[in-house]
Amino acid sequence: MMSGRLCRRRSRRQILHTAAAILALVFFTHGARALQMSETGSADGEAILLLSGEVAMSDVDRILYALRSGRFSEVWLDSPGGDSAAGYKLGRAIRNGRLSTRVPKGAVCASACVDIFLGGVVRFVDDRATIMIHPGSISRSDTANEYMYSALRQGKAVEAIQSLERFNSAETSSWIEYLTFMGASLEIVTYAAKVQHDCAIVLSRQELVYFNILNTAGRPVSGYSPAEPNVRCNFGGQ
């Protein structure tokens, strides 16, 4: 009997510890975000749309409106990431508009920003620009965060924990589908899984070409394969 009670106590403690970890994740990623838009011009007079800041679903409609205006030929990106579903929507709109994408000198494009970047028919990464990827997780979805937050506030820790795996599985499936549509290598998924969710892999130029994230720098070097990842943690993305 004591053994059974002890097991039940441990089980309850494990649930509470897991719930606390989820709650911390939800609160960490639940803050206000905004993807800022600004306009610049190129040397040949073409209009360029610059997107900077964190990617949130609440920003999608106004950015889609700008993308569909027909005024822009290229989208520049400088973002630590954010909501993955928002990134997919913006990336698809860029592809439908046959626009180019660029990560300019000194900019960082991570997580959901890379999803947007992949929408470009032609994709440029300037010198001293940084591209980072990491595994799909609940923290990349505003919808998942809202659900988890609601369940935990109602004291439904078990339901929240059970749904965590479903959300993560669905996120990975959505990412694979998106990468396939954009023509990027599915090896990205396996490579990204080499790090934990709160860290990211900084991709070298050769890795960008190898995974077909960058498509304006020639073909992959013959016999090349990615090395051990260059990992950066606590980078502020999702």
Inset, instruction - Give segment 76-100 a look and list any residue that's under 17 Å from residue 179 (Cβ atoms), touching a residue at least 40 places away in the same chain (Cβ under 8 Å) and in contact with a Leu (Cβ under 7 Å, 6 or more places away or on another chain), or say none. - result: 91
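Which one is modelled with the lowest pLDDT among residues in segment 82-97 that are open to solvent by 10 Å² or more (accessible area, probe 1.4 Å) and in a helix (DSSP H, G or I)?
Looking at the filtered set, the residue picked out is 85.
If I go through segment 57-66 residue by residue, how many of them are touching a strand residue (DSSP E or B) at 6+ places or on another chain (Cβ under 7 Å) and either of a type in the set (Asp, Glu) or open to solvent by 10 Å² or more (accessible area, probe 1.4 Å) (or both)?
Residues of segment 57-66 that are touching a strand residue (DSSP E or B) at 6+ places or on another chain (Cβ under 7 Å), as a first pass: 59, 63, 66.
Filter once more, so that each one left must be either of a type in the set (Asp, Glu) or open to solvent by 10 Å² or more (accessible area, probe 1.4 Å) (or both): 59, 66.
Looking only at that region, the number is 2.
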Inset, instruction - Take segment 202-238 and flag every residue that is in a loop (DSSP other than H, G, I, E, B), at pLDDT 95 or above and either in contact with a Leu (Cβ under 6 Å, 6 or more places away or on another chain) or over 17 Å from residue 118 (Cα atoms) (or both). - result: 214
Legend entry - residue 79 vs. criteria under 11 Å from the mean Cα position of the chain (by Cα), open to solvent by less than 40 Å² (accessible area, probe 1.4 Å) and farther than 10 Å from residue 49 by Cα: yes
Legend entry - Hits in segment 187-208 - residues which are over 15 Å from residue 126 (Cβ atoms) and hydrophobic (A, V, I, L, M, F, W, C): 188, 189, 192, 193, 195, 199, 200, 201, 202
Legend entry - Among (1) part of a helix (DSSP H, G or I); (2) open to solvent by 20 Å² or more (accessible area, probe 1.4 Å); (3) among the small types (Gly, Ala, Ser) - the single one residue 69 does not satisfy: (1)
Inset, instruction - Only residues that are surrounded by 14 or more Cβ atoms within 10 Å (Cβ to Cβ), farther than 15 Å from residue 111 by Cα and not hydrophobic (A, V, I, L, M, F, W, C): list them for segment 169-193, please. - result: 185, 187
Inset, instruction - Kindly establish whether residue 156 is at pLDDT 95 or above and open to solvent by 10 Å² or more (accessible area, probe 1.4 Å). - result: no
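The values are calculated or read from the model by the stated rules, or taken from the named source; none is laboratory data. Fair warning: this is a prediction, and the values are worked out from it, not measured in the lab. No Cβ is skipped: glycine too gets one built from the backbone with ideal geometry, and neighbour counts run over all protein chains shown. Note: areas computed on protein heavy atoms with side chains; ligands, DNA, RNA excluded. Shrake-Rupley method; radii C 1.70, N 1.55, O 1.52, S 1.80 Å.
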